[in-house]
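K.L.:
Take this structure, written in structure tokens, and hold onto it; I'll ask about it next.
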Amino acid sequence: MIAFVFPGQNSHYVGMGRDLRDSGGPAAEVFEVAEAVLGPDLLSVMFEGPEAALTRTDSQQPAIVTHSLAALAALRQAGVEPDFVAGHSLGEYSAVACAGCLGAEDVLRLVRFRGEIMARAGDEAPGAMAAVLGLEGDAVQVAVEEAGQEGVVIVANYNSPGQVVISGEVGAVARAGQMCREAGAGRVIPLDVSGAFHSSLMGPAAAPLIERLAEAEFGPAAVPVVSNCDAEPRTEPDAIRDALGRQMTSAVLWEHSVRRLAREGVDTFVEVGPGAVLSRLIGRIDRGLDVLNADTVADVQAVVERCA
């Protein structure tokens, strides 16, 4: 069985998606939809930069989803379809669109709004995130609980064995990082983000996003969507909508999601969209899984040769 998985924030790069747009067909039509819905500036910053403009949360999120949906369209044109879908944080919106719950226009409007309110929340309540490498999640959780006496800090992403992300107030994240080093972490790397994502500091962004999700018309999923918040597969529209709302302030259980998909019988994972971040994580989670990525036209062709 095949799972399509979709990347989240920080998978962007200047020039992303250009060859998919230039290839014509359904992939190019996705860029036309994005331009009509979000304006021509998005494609300009995707293809030409500058990188600082593309890195902004309110630009980066719709750019990544646009790229993912274009690569998805190219795969579908060649007859490759998933049995399950999942996405890492932002990527869950691409997964929901892939499952047929939302159309491209609706999902692009949602992620543009999501990026805007997350950037605003980060401005209003400055926070930090850091990747903890070489220390298991249980040990990171102990550090977070003790550092939490000095301020808000949580485990935000369980990415793979030995790679966990913490998020929260600047001082508390720094203290938790120090404690992780003392507990044996190989490295603690500050992340270049505009806020403390997946923590309670995103609460001001969660409320308006949940309202906007309630206004969107979700259809039933054609294939199960494995949600970030609890690694459970869902097909019912209201359950998928609820999980997306909870995602803003809850941890991303990526390692748990990959293991759940493997238990469901998935043996081939295709990362659909820019970069190969998820491909590398999946390789660390279970080396027995077949992992492919579909970023460029050449990548898509290679996936088709393996899976069609």
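The values are calculated or read from the model by the stated rules, or taken from the named source; none is laboratory data. Computed from a predicted model, the values in this text were never measured in an experiment. Cβ: placed from backbone, ideal geometry, glycine included. Neighbour counts: every protein chain shown.
So that you can scan it fast, the table gives a plain yes or no per residue for (1) in the same structural domain as L281 (by TED's automatic domain parsing); (2) within 20 Å of G87 (Cα to Cα); (3) touching an Asp or Glu at 6+ places or on another chain (Cβ under 9 Å):
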site: G134; (1), (2), (3): no, no, no
site: Q149; (1), (2), (3): no, no, no
site: V152; (1), (2), (3): no, no, yes
site: V170; (1), (2), (3): no, no, no
site: C180; (1), (2), (3): no, no, no
site: P204; (1), (2), (3): yes, no, yes
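K.L.:
Additional query: Can you tell which of A231, A214, A221 is assigned by TED's automatic domain parsing to the domain that holds S250 and part of a helix (DSSP H, G or I)?
P.N.:
A214
K.L.:
Next question. Under the condition of being farther than 24 Å from Q149 by Cα and free of Cβ contacts under 8 Å to residues at least 40 places away in the same chain, which residue from the stretch 168-224 is surrounded by the most Cβ atoms within 10 Å (Cβ to Cβ)?
P.N.:
This residue is I210.
K.L.:
From the residues in the stretch 74-88 that are crowded, with 24+ Cβ neighbours inside 10 Å and of a type in the set (G, A, S), which one is farthest from A222 (Cα to Cα)?
P.N.:
The qualifying residue farthest from A222 (Cα to Cα) is A74.
K.L.:
Just checking: which of the helices (runs of 4 or more DSSP H) contained wholly in the stretch 1-116 hold 1 or more residues that are under 21 Å from W254 (Cβ atoms)?
P.N.:
57-77, 91-98
K.L.:
In the list F47, F31, which residue meets the criterion of being without any contact (Cβ under 8 Å) to a residue 40 or more places away in the chain, surrounded by 18 or more Cβ atoms within 10 Å (Cβ to Cβ) and on the phi < 0 side of the Ramachandran plot?
P.N.:
After ruling out the rest, the residue left standing is F31.
K.L.:
So which residues in the stretch 261-300 are over 13 Å from the mean Cα position of the chain (by Cα), in a helix (DSSP H, G or I), of a type outside the set (G, A, S) and surrounded by fewer than 20 Cβ atoms within 10 Å (Cβ to Cβ)?
P.N.:
Answer for the stretch 261-300, where residues must be over 13 Å from the mean Cα position of the chain (by Cα), in a helix (DSSP H, G or I), of a type outside the set (G, A, S) and surrounded by fewer than 20 Cβ atoms within 10 Å (Cβ to Cβ): R263, R280, R284, V297.
K.L.:
Quick check: anything in the stretch 34-44 polar (S, T, N, Q), surrounded by fewer than 24 Cβ atoms within 10 Å (Cβ to Cβ) and in contact with a helix residue (DSSP H, G or I) (Cβ under 8 Å, 6 or more places away or on another chain)?
P.N.:
Among the residues of the stretch 34-44, not one is polar (S, T, N, Q), surrounded by fewer than 24 Cβ atoms within 10 Å (Cβ to Cβ) and in contact with a helix residue (DSSP H, G or I) (Cβ under 8 Å, 6 or more places away or on another chain), which makes the answer no.
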